[in-house]
Every structure is written in structure tokens, then in C-alpha cells.
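Written out below as C-alpha cells is the structure these notes cover.
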């Protein structure tokens with residue numbers, strides 16, 4: 001037995017630890033409350049909102065995460081607010097794909113009820129009261145018990161609920177409310193923080209720590225209240241009747257339950273993807289796994305950005321006519337520098353499959369791969385995928401750096417689960433000559449999988465090729481079962497090229513289910529490390545892991561004229577007009593019938609003020625019907641640049657006749673009329689342009705100047 005003083009110290013220490021733990025749990029509960037409060041700036045924003053948005057925020061206060069609320073308060077227009085609200089409800093819809101959203105309907109009913117019923121006797125709206133909060137979170141109690149006029153105790157209500165274990169709630173529990181000192185609002189009762197003494201009218205001093213005595217006293221007054229005063233779990237009492245700390249954990253679980261299954265990514269990413277979302281077709285955010293890499297092939301003469309997206313969920317439709325299941329994914333990619341978009345495109349991927357393939361799709365899913373050429377620089381890559389079935393969409397963005405040609409460097413090491421031979425003349429993502437790597441962005445392999453590694457080395461010199469090597473080091477990340485292996489591969493085991501690729505299987509001998517890090521080093525002739533890159537992967541304990549179905553678009557590789565066209569677009573958007581011109585010209589040399597390339601080169605020629613060259617070549621567009629408007633506009637622009645204003649006006653009016661809603665044409669018509677000393681006709685053209693796009697400060701200034709200098713009584717409209 002411990003000496004008396006030691007035992008007392010130990011007892012005191014334990015008691016202090018219990019108090020600290022209780023305080024921590026209570027702080028967690030208080031934190032759940034505090035996270036819904038608004039800061040000073042957010043409060044000002046809240047007050048500036050239209051009433052319907054303030055009402056909506058009030059209604060969802062107790063069922064939201066703080067991240068959702070913060071994002072909503074950062075939105076600057078009603079279109080984005082409406083989009084956010086739509087997605088907010090969709091994330092919580094228990095039956096997605098059906099017209100009704102039962103959760104939304106229930107919350108709206110609860111909000112109407114609490115504001116009508118719990119405002120009585122309260123100094124604030126019903127949703128802000130403790131009873132209103134619990135009702136908004138848990139709904140109507142399965143049963144209630146009231147103790148309003150029991151001598152010796154303050155008014156008390158006990159609400160009983162059946163709980164969902166998956167949300168961390170007990171199968172059956174109670175929530176207690178009371179009126180301290182018998183007046184005011186109903187207050188949420190905590191067995192740990194308030195204690196049973198708070199429920200008793202104290203005619204004489206009570207020992208608040210004598211829980212057995214307090215339990216007995218309450219039992220004598222109201223037998224069915226005694227247990228709820230101690231515990232939220234019926235029939236769960238401790239030997240000394242002390243309230244268990246589990247009460248605090250249960251209350252914390254109650255407050256967190258509305259967002260327990262919620263993936264908040266839809267909200268935290270909303271400010272980034274909101275410009276892409278069409279509410280009528282895409283409003284249900286889903287997560288994804290993704291991969292972005294850069295590769296290069298000497299025959300293309302450029303770097304390629306490779307994008308892989310695997311949605312975590314895919315809704316599937318069914319066609320009775322074809323007896324097939326289907327879904328349609330639209331991939332949208334944009335390359336950005338700040339607010340400037342250098343390049344963007346969209347591609348559709350349609351999937352149709354027989355009913356017996358549904359199960360394999362559910363287990364493995366699908367991954368979309370796509371590649372596009374990219375110029376050197378630092379960018380943000382924005383990727384957006386939407387599924388027409390289920391109004392689903394997913395999004396991610398990633399910063400990328402495309403290095404300019406220089407010294408030897410490594411490609412990012414890409415791991416795949418299989419290598420295939422494809423002896424055709426098509427290019428697609430992760431195909432190199434006749435070898436294709438099957439890639440899953442999640443980088444998880446089953447025990448039966450053999451991971452394959454894509455090795456790439458670029459800008460090689462002959463000396464590095466002759467004497468250099470790859471070093472591949474694989475390490476297990478678990479200290480329990482150490483694993484380490486290093487492999488070496490000489491660069492000169494293949495014929496020399498400036499840019500080279502290998503797809504090599506990893507030696508799995510001795511590997512077990514674990515997390516691994518793979519490091520690739522490019523060693524030079526002296527053995528020094530010229531470049532190094534690392535990637536992590538997982539070996540699953542599952543023997544045969546389901547991998548996704550892969551989808552990609554193929555292109556002929558004999559004549560990659562389109563790659564140079566894309567590079568030209570990027571250089572032009574970046575402001576490097578001479579390089580853009582060179583790329584457009586190369587694209588046309590490789591495919592003289594490429595009309596889009598001819599159009600881009602002629603438009604750029606006008607920007608470079610090469611008007612004579614443009615006039616000499618523009619008739620190449622004259623026979624292309626879909627470019628009739630552009631033909632006249634480009635020709636008119638060149639003539640304007642040469643000062644031939646009468647001829648320019650004829651071409652520009654012809655362009656406007658083909659299509660009368662192009663502000664570029666209308667504005668140049670206006671300037672041409674000014675050159676011909678006809679300000680009133682110029683005014684008509686400028687006003688037509690401003691009607692299509694009012695946000696044109698230079699045109700507004702010109703219009704104001706024309707009106708200012710217009711003679712009085714000229715008969716034109718003011």
C-alpha cells in the first residue's frame with residue numbers, strides 16, 4: 001500500500017488528469033459551437049447579403065462545416081451563391097439522381113418548426129436556442145418526458161433518440177434541457193459540466209461531488225429523471241454515480257453528425273472551379289485521384305503534359321433501346337499564368353458497355369488519360385471532368401514547371417501495373433514507340449502485380465549516354481519490415497538519342513504489403529548525380545487488385561502538325577509572337593491543307609503588321625465557307641493597316657454581312673468610318689459593339705468624344 005501522502009498525491013493527480021481530459025472534451029464541444037460563429041469581417045459580409053441568403057445561412061448553421069460557411073461568405077455574386085447552395089444540398093442528398101432531395105425538405109421543415117415553436121419565451125430566434133440547435137441536428141425526438149412542476153427540481157425536458165452507430169452515436173440516448181433557476185430559455189444540460197446538482201432547487205447547501213446522494217435525491221422526486229441526470233445512455237451508470245466523460249464524447253458526436261460523412265472538398269475547391277460549373281448539367285462534386293507528368297519525344301520536338309484523372313465515383317445510365325449501360329465524361333483542360341489563359345481545350349469520352357460489365361466497372365472505375373504539347377514556363381494546370389449522368393463533376397489544379405532545353409535531366413518517374421505492346425502508328429498518353437504503360441494514378445499494386453517503371457532521360461549528350469546510368473533505389477517505409485534494393489541500368493544499352501525512354505519491371509522479390517519510396521538518379525560519367533526524382537507507391541495485401549479501365553484519344557504520329565499549332569497558340573497567348581509565327585508556319589508546312597493553321601498565321605500576320613504578306617496569302621481562305629467572315633475581316637484589317645480605307649470598309653462590311661455580332665469587326669468598321677471622316681456612321685458601329693459587350697472602356701471613350709464633337713441639330717439620336 002502506498003503511504004498516505006503518496007496515495008493522496010496520486011489521487012489528486014488522477015483527478016487533475018480527469019479534469020483536464022474533461023476540459024479537453026468540453027473544449028471540443030465548445031469548438032463545435034465556436035466554429036459556427038462569425039468573425040468581425042464575416043459578420044459584416046453576412047449583414048450585406050440579401051435576406052434570402054442570410055436566411056439560408058441561418059437555416060444550415062448547425063449542419064455545416066466552418067469551411068463551407070467561410071467559402072460561401074467569400075462569394076461575390078448571386079450566381080455563385082446559388083451554385084454553391086445547389087451543390088451544398090446535392091452533397092447531402094440521400095437519393096441522388098431522383099427529383100426529390102429528402103434531406104433538404106426535412107431541414108426546411110425543421111427550420112420552420114424551430115422558429116415557430118422554440119422562439120416562445122426566448123430572446124432570440126428559435127434556431128439559435130439550444131433546443132432549436134438539437135432539433136435542427138437530430139430532428140423530432142422519438143419520445144419526450146417533461147418535468148415542469150416537480151417540487152424540488154427546476155423545469156426539465158428529456159428528449160429520447162435512436163442513434164446511427166456509423167455516425168458515432170449510441171443506439172439509444174437522451175438529451176436533457178433545463179431552465180436554470182426556473183426561468184429564461186431552455187439550456188442544454190451536460191451531466192459532466194453542469195452536474196445533477198444544477199437540476200435541484202437548493203433549499204440548503206448541497207455537496208455537488210456526492211453523486212450517489214444527488215442521484216438518490218432526484219430519484220425520490222422524479223424516478224425517470226435520475227438516470228438522464230447522470231448519463232446520456234439509459235441504464236448505464238457507474239458504481240459511484242459519477243457522470244462519465246463519455247457524455248461529452250456523445251455530445252461532440254451529435255454536433256458533428258450532420259457533417260460526419262461529408263466530403264468538404266466540394267466547398268474548399270469551389271472558389272477555383274466555380275467558373276466552370278454549369279448548374280443545369282454539373283452540380284454534384286466528387287473526388288478524384290490524379291497524376292500530371294511531363295514527357296518528351298525527340299520526333300515531336302516538344303514537351304508533353306500528361307493528365308490522368310480517375311473519378312472516385314461514376315454514375316451510370318441505362319439505355320433500354322440498346323440494352324447497354326453508359327456514361328459520358330467531358331474533360332476540360334486549361335493552362336494558365338495567373339488570370340491569363342494560354343491554352344484550353346475540351347474532349348468527350350463516351351462509354352457504352354453490356355450489363356455484365358457493370359460489376360467490373362464498379363470495382364475498378366475508369367481513368368482518363370490525355371496529353372498535349374506545352375511550351376517552357378511555369379503554369380497552373382486546371383483540369384475539370386463532368387459526367388452527363390448524375391450531374392457529377394470533379395476538379396483539380398496543379399502547378400507545373402516546363403524547363404527549357406538545357407543539361408541532362410530526368411522525366412518524372414511513372415509507375416504502371418502492366419506493359420503492353422502496340423505495333424501501330426498512333427500516339428497516345430504513355431505510349432513510347434511500340435510500348436504502352438498501363439497507369440493508375442493511385443499507384444497501388446496488388447501482390448500479384450508487377451510494377452513497371454517509366455524511365456526518361458532528356459537532353460543527353462553522347463558522353464553522358466556512353467558512360468552514364470540510371471540508379472533505381474526502392475525503400476520500404478515501414479520500420480517493422482525493412483526493405484531496400486538498388487538497381488542500375490546503363491544508358492548505352494540502347495542506341496543514342498537526345499531523349500530516351502525505358503519501361504522496366506521492378507524486382508518484387510522480398511517485397512510485402514507496405515508503403516514504398518522509389519528514387520531514380522541519373523548518374524553522369526564520373527558517377528555524380530545529374531538529376532534525381534522520387535515517387536511513392538503502395539503494395540496492397542490484396543492478391544488481385546482491380547485496376548481502372550483506361551480511356552485516351554489516339555492521334556497519328558507521322559505528321560504531328562497539330563502539336564506545332566498548339567505550341568503556336570501558347571506562344572501567341574504568352575506574347576512571344578515571332579515564335580508563335582514560326583510554329584504556325586511549321587504546322588502549315590507539315591500539313592498545307594490545315595485551314596485552322598492558315599487562319600491563325602494570317603491573323604498573327606496582321607498583329608505583326610505584315611500587311612502585304614497577309615494580302616498575298618489571304619485568298620487561300622476565300623474558298624473555305626466556314627471562314628467566310630474571317631476571310632473578309634482579315635483582308636479588311638490588312639487593307640486598313642496599309643491605309644486603304646475605302647477598300648478596307650468594303651471588306652469589313654462584307655464580313656459584318658456574313659455575321660453581324662462580332663465586336664472586332666464592328667469596332668474596326670467604326671475606326672474605318674472615322675478615317676473616312678464619317679463620325680455618325682462610326683458612332684452606329686461603336687454603339688452596336690457596345691450593345692454586345694458594354695465593358696469596352698476604349699470604345700466608350702471614343703463614343704463619348706464623337707458625341708461631344710457632334711454638331712447640334714444634326715438629326716441623330718442623342
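Residues are listed down the side, and each one gets a yes or a no for (1) in contact with a helix residue (DSSP H, G or I) (Cβ under 6 Å, 6 or more places away or on another chain); (2) part of a helix (DSSP H, G or I); (3) not assigned by TED's automatic domain parsing to the domain that holds residue 60:
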residue: 99; (1), (2), (3): no, no, no
residue: 103; (1), (2), (3): no, yes, no
residue: 113; (1), (2), (3): no, yes, no
residue: 120; (1), (2), (3): no, no, no
residue: 133; (1), (2), (3): yes, yes, no
residue: 141; (1), (2), (3): no, no, no
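Residues in the range 171-203 that are on the phi > 0 side of the Ramachandran plot and not in a loop (DSSP other than H, G, I, E, B): 181, 182.
Cβ-Cβ distances below 8 Å connect the following pairs, each with a first residue in the range 445-473 that is assigned by TED's automatic domain parsing to the domain that holds residue 530 and at positive phi, a second residue that is surrounded by fewer than 20 Cβ atoms within 10 Å (Cβ to Cβ) and part of a strand (DSSP E or B), and a separation of six or more residues or different chains: 459/409.
Here residue 470 fulfils each of the conditions (1) within 24 Å of residue 405 (Cα to Cα); (2) within 35 Å of the chain's Cα centre (by Cα) apart from (2). Criterion applied to 602, 621 was being in the same structural domain as residue 658 (by TED's automatic domain parsing), touching a helix residue (DSSP H, G or I) at 6+ places or on another chain (Cβ under 6 Å) and under 27 Å from residue 339 (Cα atoms), and the one residue passing it is 602. In the set (1) surrounded by fewer than 19 Cβ atoms within 10 Å (Cβ to Cβ); (2) farther than 30 Å from residue 566 by Cβ; (3) free of Cβ contacts under 8 Å to residues at least 40 places away in the same chain, the condition left unmet by residue 275 is number (2).
Quick grid of which residues meet (1) in a helix (DSSP H, G or I); (2) within 28 Å of the chain's Cα centre (by Cα); (3) buried (at least 20 other Cβ atoms within 10 Å of the Cβ):
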position: 238; (1), (2), (3): no, no, no
position: 242; (1), (2), (3): no, no, no
position: 256; (1), (2), (3): yes, yes, no
position: 262; (1), (2), (3): no, yes, no
position: 282; (1), (2), (3): no, yes, yes
position: 291; (1), (2), (3): no, yes, yes
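Out of 246, 310, 299, one residue alone is over 16 Å from the mean Cα position of the chain (by Cα) and touching a residue at least 24 places away in the same chain (Cβ under 8 Å). It is 299.
Scanning the range 561-577 for any residue that is part of a loop (DSSP other than H, G, I, E, B), out of contact with any strand residue (DSSP E or B) (no Cβ under 7 Å at 6 or more places or on another chain) and either modelled with pLDDT under 95 or surrounded by 17 or more Cβ atoms within 10 Å (Cβ to Cβ) (or both) turns up nothing. Across the range 546-560, what is the number of residues that are crowded, with 17+ Cβ neighbours inside 10 Å and either in contact with a helix residue (DSSP H, G or I) (Cβ under 9 Å, 6 or more places away or on another chain) or part of a helix (DSSP H, G or I) (or both)? Residues in the range 546-560 being crowded, with 17+ Cβ neighbours inside 10 Å and either in contact with a helix residue (DSSP H, G or I) (Cβ under 9 Å, 6 or more places away or on another chain) or part of a helix (DSSP H, G or I) (or both): 3 in total.
Just one of the listed residues (687, 681, 651) is assigned to a helix (DSSP H, G or I) and under 22 Å from residue 630 (Cβ atoms), and it is 651. When the range 148-170 is filtered for residues that are touching a strand residue (DSSP E or B) at 6+ places or on another chain (Cβ under 7 Å) and either under 15 Å from residue 232 (Cα atoms) or not in a loop (DSSP other than H, G, I, E, B) (or both), the ones remaining, listed by number, are 153, 156, 157, 158, 159, 160, 161, 162, 163.
So, in the range 490-520, exactly how many residues are part of a strand (DSSP E or B) and in contact (Cβ under 8 Å) with a residue 60 or more places away in the chain? Step through it out loud before you land on a result.
Taking the range 490-520 and keeping what is part of a strand (DSSP E or B), we get 490, 500-505, 514-520.
Cutting the leftovers down to in contact (Cβ under 8 Å) with a residue 60 or more places away in the chain gives us 501, 503, 505, 518, 520.
The total comes to 5.
Let's see how each residue does on (1) in contact with a helix residue (DSSP H, G or I) (Cβ under 6 Å, 6 or more places away or on another chain); (2) surrounded by 15 or more Cβ atoms within 10 Å (Cβ to Cβ):
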site	(1), (2)
189	no, yes
192	yes, yes
198	no, yes
202	no, no
211	no, yes
217	no, yes
220	no, no
224	no, no
227	no, yes
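Taking into account only those residues within the range 414-434 that are more than 20 Å from residue 548 (Cα to Cα) and in contact with a strand residue (DSSP E or B) (Cβ under 7 Å, 6 or more places away or on another chain), which is surrounded by the most Cβ atoms within 10 Å (Cβ to Cβ)? Don't jump to the end; show me each part of the working.
Kept after step one, since they are more than 20 Å from residue 548 (Cα to Cα), are these residues of the range 414-434: 423-427, 432-434.
Cutting the leftovers down to in contact with a strand residue (DSSP E or B) (Cβ under 7 Å, 6 or more places away or on another chain) gives us 425-427, 432, 434.
Numbers: 425: 10, 426: 13, 427: 21, 432: 17, 434: 11.
Ranking the qualifying residues of the range 414-434, first place goes to 427.
If you go through the range 442-467 and pick out every residue that is over 32 Å from the mean Cα position of the chain (by Cα) and surrounded by 18 or more Cβ atoms within 10 Å (Cβ to Cβ), you end up with 5. Tallying residues that are part of a helix (DSSP H, G or I) and within 21 Å of residue 432 (Cβ to Cβ) within the range 463-489 yields 2. The sole residue among 386, 392, 298 that is surrounded by fewer than 15 Cβ atoms within 10 Å (Cβ to Cβ) and not assigned by TED's automatic domain parsing to the domain that holds residue 83 is 298.
Among the residues of this structure, residue 335 does not count as one that is under 21 Å from the mean Cα position of the chain (by Cα), closer than 26 Å to residue 275 by Cβ, without any contact (Cβ under 8 Å) to a residue 60 or more places away in the chain and part of a strand (DSSP E or B).
The values are calculated or read from the model by the stated rules, or taken from the named source; none is laboratory data. Because the structure is a prediction, the values reported are computed rather than measured. Here the Cβ is made from the backbone with ideal geometry for all residues, glycine too, and neighbour counts use every protein chain on show.
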